[in-house]
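Quick notes on the structure that follows.
The values are calculated or read from the model by the stated rules, or taken from the named source; none is laboratory data. Computed from a predicted structure; not experimentally measured. Every residue, glycine among them, receives a Cβ derived from its backbone with ideal geometry; neighbour counts consider all protein chains shown.
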Amino acid sequence: MNPVFLESTIGTSYDSIGIDLGKDKINIRGVKMRTAVYPGSFDPVTLGHINIIKRSSKMVDKLIVGVLNNSNKSPLFSVEERVNMLKEVCKDIENVEIEAFEGLLVEFLKEKNSNIIIRGLRAISDFEYELQIAQTNSSLDPTIDTIFLVTDVEYSYLSSSIVKEVAQYGGNVDQLVPRYISGLLKEKYNYKEDKNE
């Protein structure tokens, strides 16, 4: 007999009790559990990323934040550091899991039994690139759909690259990243919050 599991679903007032059918999980209402993947490098995670994570986590039963380990790049934070940072800032969101991956995103989705990709759009300039990636993923696996979420206006200019540039020159990034991440950036760049102290 297949094991029974108990899984909390954010945004609802009940627990979903289901049966483990191999890769598929069926909740008590007989609906397949929806798992989405929000991929990115998150070097570092910004308040814009957190905004997308919180909003998309309410759309699915489980949200996996996939931290890309790209050997062709030299990130500021290692993949292990980025995973740990995300675990810390997402610890209060019950249905969010953080995992590192490398290689093709579509293969990671298959491994996680997901066919939903979450992507954030900051401006119209993002759309052409994101559309190409979405179409490529769809050509590799036609069962995959990409959901685009428009970033809140207050974060429309925000990127990890901007955060790193501001932090590198000693600027205050407290309004750009969670305070925990701000502290880690200060350690990386070895500066104090107030250089006049």
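A few notes on this one:
- Complete set of residues in the stretch 104-137 that are at pLDDT 95 or above, out of contact with any Asp or Glu (no Cβ under 7 Å at 6 or more places or on another chain) and among the basic types (Lys, Arg): Lys110, Lys112
- Residue list for the stretch 72-90, restricted to those being crowded, with 16+ Cβ neighbours inside 10 Å and not in a loop (DSSP other than H, G, I, E, B): Val79, Glu81, Arg82, Val83, Met85, Leu86, Val89
- Number of positions in the stretch 138-149 that are surrounded by 14 or more Cβ atoms within 10 Å (Cβ to Cβ), touching a strand residue (DSSP E or B) at 6+ places or on another chain (Cβ under 9 Å) and without any contact (Cβ under 8 Å) to a residue 60 or more places away in the chain: 4
- Here Asn190 meets the list (1) on the phi > 0 side of the Ramachandran plot; (2) touching a helix residue (DSSP H, G or I) at 6+ places or on another chain (Cβ under 7 Å) almost entirely, failing just condition (2).
One line per residue, one yes/no per condition, for (1) modelled with pLDDT under 95; (2) surrounded by 21 or more Cβ atoms within 10 Å (Cβ to Cβ); (3) in a loop (DSSP other than H, G, I, E, B):
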| residue | (1), (2), (3) |
| --- | --- |
| Ile28 | yes, no, yes |
| Tyr38 | no, yes, no |
| Ile52 | no, yes, no |
| Val60 | no, yes, yes |
| Gly66 | no, yes, no |
| Asn70 | yes, no, yes |
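- Filter pass, Ile93 being hydrophobic (A, V, I, L, M, F, W, C) and either surrounded by 17 or more Cβ atoms within 10 Å (Cβ to Cβ) or not assigned by TED's automatic domain parsing to the domain that holds Ile116 (or both): no
- Count of the stretch 132-162 residues, restricted to those that are part of a helix (DSSP H, G or I), more than 17 Å from the chain's Cα centre (by Cα) and over 29 Å from Glu111 (Cβ atoms), is 3.
- Test result for Val173, of a type in the set (A, V, I, L, M) and free of Cβ contacts under 8 Å to residues at least 12 places away in the same chain: no
- Residue list for the stretch 98-153, restricted to those being among the polar types (S, T, N, Q) and touching a Ser or Thr at 6+ places or on another chain (Cβ under 8 Å): Asn113, Ser114, Asn115, Asn137, Ser138, Thr146
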